[in-house]
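Computed from the coordinates by the stated procedures, all read-outs in this text should not be read as laboratory data. Source: prediction; values computed, not measured. Using ideal geometry, Cβ is built from the backbone for each residue, glycine included, and neighbour counts are taken over all protein chains shown.
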Amino acid sequence: MPENPKSTKLRNFVVALRFCSTSLFFLRSSQSIKMRPLDETETDAVFRKLYSFTGHNLKNIVENPSHEGPDPSPGRYCFRLHKNKVYYVSESLVKRATNISRKNLASLGTCIGKFTHGGNFHLTIQALNLLAANAKHKVWLKPTSEMSFLYGNHVLKGGLGRITDSISTQDCRKLDLNGIAVHHRTNIGEYLGMEDEL
Amino acid sequence: MAPAALNKTKGSKLQKPPPKKKPKNDIFTEKHLKEDDILDDSGSSDEEVEDQEEFDIDEQGSASGSDILSDGDDTFTDDFLQGNDDEEKVSSSDSGKDSGSDSGSDSDSRSDSDESDIEKKSRALDERKAREEKDAEEEMRLNIAEEHDEFRLPTKEELEDEAHRPPDLPNIQRRIREIVRVLSNFKDLKQEGTRRKDYIEQFKMDLCSYYGYNDFLIGVFVEMFPVNELIELVEAFEKPRPICLRTNTLKTRRRDLADVLLNRGVNLDPLSKWSKVGLVVYDSQVPIGATPEYMAGFYMLQSASSFLPVMALAPQEKERIVDMAAAPGGKTTYIAALMKNSGIIYANEMKVPRLKSLTANLHRMGVTNTIVCNYDGRELTKVLGHNAVDRVLLDAPCSGTGVISKDESVKTFKSFEEIQKCAHLQKQLILAAIDMVDASSKSGGYIVYSTCSMMVAENEAVINYALKMRDVKLVPCGLDFGRPGFIRFREHRFHPSLEKTRRFYPHVNNMDGFFVAKLKKMSNSIPTVAPSEPLESVEQASVPNESNREKKIAEPLKKTGAMKKGGGLINGVSDNRNVESPSPAENRKKRKFPSREEISKVREEKRRALREGKKKTARKSGTKE
């Protein structure tokens, strides 16, 4: 709180970056439908986004031992870019996906987000499992507002059940009952309604 | 005289409620008397009769004058009795004379029996009624006798009539039931001069029109099932099967999920004792496919029959699995759940629009060990390589005759050609599946083939083909319910181990029609095969592929040099060059590929030539040295 929040964020972010293995930082410029590791700017964008949700737990995400793959020893996870989507996938899977030609590969592991044409990175709902395990701040909703959120509405203060302690908790208390407490980004209802856009 | 006689008889009978009172005794006695008279006085009797008749007419006139009421009755009863009278008149010509005499004699006694008039009338009425009832009963008996003892097949004219009229459903249903009854006890109940075949033909036609099938499909069903079971099957197809869902064991347990759903107002039960993850939904207050639990990936809506191939496959952790026709992903997610997200699954789907639902389902259920690709199943061996994976699940695209309850169009749109096309594709796919599996894998080496169809051509025939073409054998599926597959069917004779496959029916197991077979790959070699019909049909359709495949098999062999494949191969080292030379020659000839016998003959000759050449060179070199 006393420090400038932005600088702490950046510092933590850089610290988190150090935990990643260097193999992720290949310098490749072309952005085609290739299945390839992320380049520096892309990795930057992805991690920044993830950090804003998970904070320090980002290193859990990156260092998680993976049980996938037929090898007996657990490997590591890595990020891959394919058709402007970012996938969080185990290394052993990546190795075995190389003999599938690019245009026939549809998905591998878990897709966590996409890059827009402008180069911005957005997380998609499929990243939920990953994020939820590592998220810093959680909000519990009252049952009534649960369905409302699933339809895409923002959460009003009246629908909040609990909220983890964080920067904005104080602000929430000041809100009046119908003020927006949590902006709606995405919800699991999109699995049903918006399959095509996932 | 006839009309007069008619009137007389009518008159006598009518006005003789009285005379009839002396019930027929008088008539009889008088008859006898009269006959005696006639016999005695043959000549004069006629005159006498005539006189009496004249008498009668006069009397009728007077009588009619006195009884106006009876006249009224007479006219009515005239009509009633006319029919009877006609018959009786024809039958007994004596009746005229009798009545004449009666009237003659009775006229005397009529005056005495005025009171008995009414009684006689009523008696006559009663007797008439009794006669009518008797006739009606006889008619009834006749009708019933026809139905029970003799169900007649409708003749051609009747059928034509029916064809013109709109279909008379109750009639058709009645006929169906009757034919079933007759066929169950054919010896006793059959109609004279008809054969069993006629009954079955009519039965087929009735089923087609009542339930809405086309001839081909009903014909196939009639061959596969006895008649009683066929009715049950067709009835079962009319109703939908219960909705089932499968708990996602990656995220929750069945008990917890059941509790949550019950709270939401869903009426459900565990599916069966053979499944630990299945739930069947009877009804629900909320849409079962849109609950937050569904969206969180706690369960998957799936039909009960789709559990079976995955249970038969029994994937182990850390194995490499291929699902060749994966969309929409119910079976793939089940496999991943059984493997606990370890190992690797290749989920392949040929149709691009279905890929989206496959990936969405995989993500929703929290599956992380899957690679989704978009290939034609037959190309997968090229991509993934031969002998590369531990297990393969092939839920083949089929004609869908087992899921008629979901899709009624199958009843009318399936024909023989379509089934053959499906079977052809399935045969190619199963060979590709077998080629991908590594026979020497530690824990695996299994292929599970399943279809949602009941046609023998798509099920047993395909497995039989695989048994001939590759070194595989059938193993028990691990499903102890369901019927074993056919070993022989019409003119086909299949391998006896086909009884290890399983068939499921809607009227027996209350799930969609399904077929499951589990194969174990014994070795990676491809055995030599004598040319057989299905193989040749494969050849004719896809010969370029075949020759390419042969080439490809030959080339890596040449390169590696090592004989990975066992001695059963035709492509021995010495033959590599021979294989190469005929195949380009074959390719040059457009579509005139020689049969396998010819090829093997040619190769034999070349081998002989080579050997002789070698011997000669050896001799030459020997002599030189």
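Looking at segment B:459-506, the trypsin sites (Lys or Arg not before Pro) that sit in a DSSP loop and have at most 11 other Cβ atoms within 10 Å of their own Cβ are B:ARG490. Per residue of peptide A:141-154, the mean number of Cβ atoms on other chains within 10 Å of the residue Cβ is 1. Counts of other chain beta carbons within 10 angstrom of each beta carbon in peptide B:286-298 average 3. Cross-linked pairs A:LYS95/B:LYS251; B:LYS251/B:LYS273; A:LYS95/A:LYS136; A:LYS49/B:LYS351; A:LYS83/B:LYS251: Cα-Cα separations exceed 25 Å for A:LYS95/B:LYS251; A:LYS95/A:LYS136; A:LYS49/B:LYS351; A:LYS83/B:LYS251. Annotation: amide H-H contacts under 5 Å for B:PHE489 (H modelled 1.01 Å from N, sequence separation of 5 or more, or interchain): B:PHE494. Rounded to the nearest Hz, the phi-derived 3J(HN,Hα) couplings of segment B:518-524 under the Karplus curve 6.51 cos²θ - 1.76 cosθ + 1.60 (θ = phi - 60°) are 10, 10, 10, 7, 8, 8, 7, where x marks glycine and proline. Charged neighbours of B:GLN316, selected by a Cβ distance under 12 Å, balance to +2 (K, R count +1; D, E count -1). Of the GluC sites (Glu not before Pro) found in segment A:51-131, not one falls in a DSSP loop while having at most 12 other beta-carbon atoms within 10 Å. Relative protection proxy for B:474-487, B:509-522, from highest mean packing down: B:509-522, B:474-487 (other beta-carbon atoms within 10 angstrom). Taking other Cβ atoms within 10 Å as a rough exposure proxy, B:ASP215, B:ASP438, B:ASP188 sort from fewest to most as B:ASP188, B:ASP215, B:ASP438.
When peptides B:302-315, B:360-373 are ranked by their average number of other Cβ atoms within 10 Å per residue, the highest-first order is B:360-373, B:302-315. The GluC sites (Glu not before Pro) of segment B:334-441 that meet both conditions, a loop assignment by DSSP and at most 16 other Cβ atoms within 10 Å of the site Cβ, are B:GLU408. Kindly identify segment B:390-477 as rounded, prolate or oblate by the Cα gyration tensor criterion: order the square roots of the eigenvalues as a ≥ b ≥ c, call it rounded if a/c is under 1.5, otherwise compare a/b with b/c, prolate if a/b is larger, else oblate. Prolate shape, in that a/c is at least 1.5 and a/b is the bigger ratio. Per residue of peptide B:356-367, the mean number of Cβ atoms on other chains within 10 Å of the residue Cβ is 6.
Amide H contacts of A:ALA106 (H built 1.01 Å from N, in plane; Pro and chain starts excluded): B:VAL372, B:CYS373, B:ASN374 sit under 5 Å, all sequence-distant by 5 or more or on other chains. For segment A:35-132, the square roots of the Cα gyration tensor eigenvalues, ordered a ≥ b ≥ c, give a/c of at least 1.5 with a/b no greater than b/c, which places it in the oblate category.
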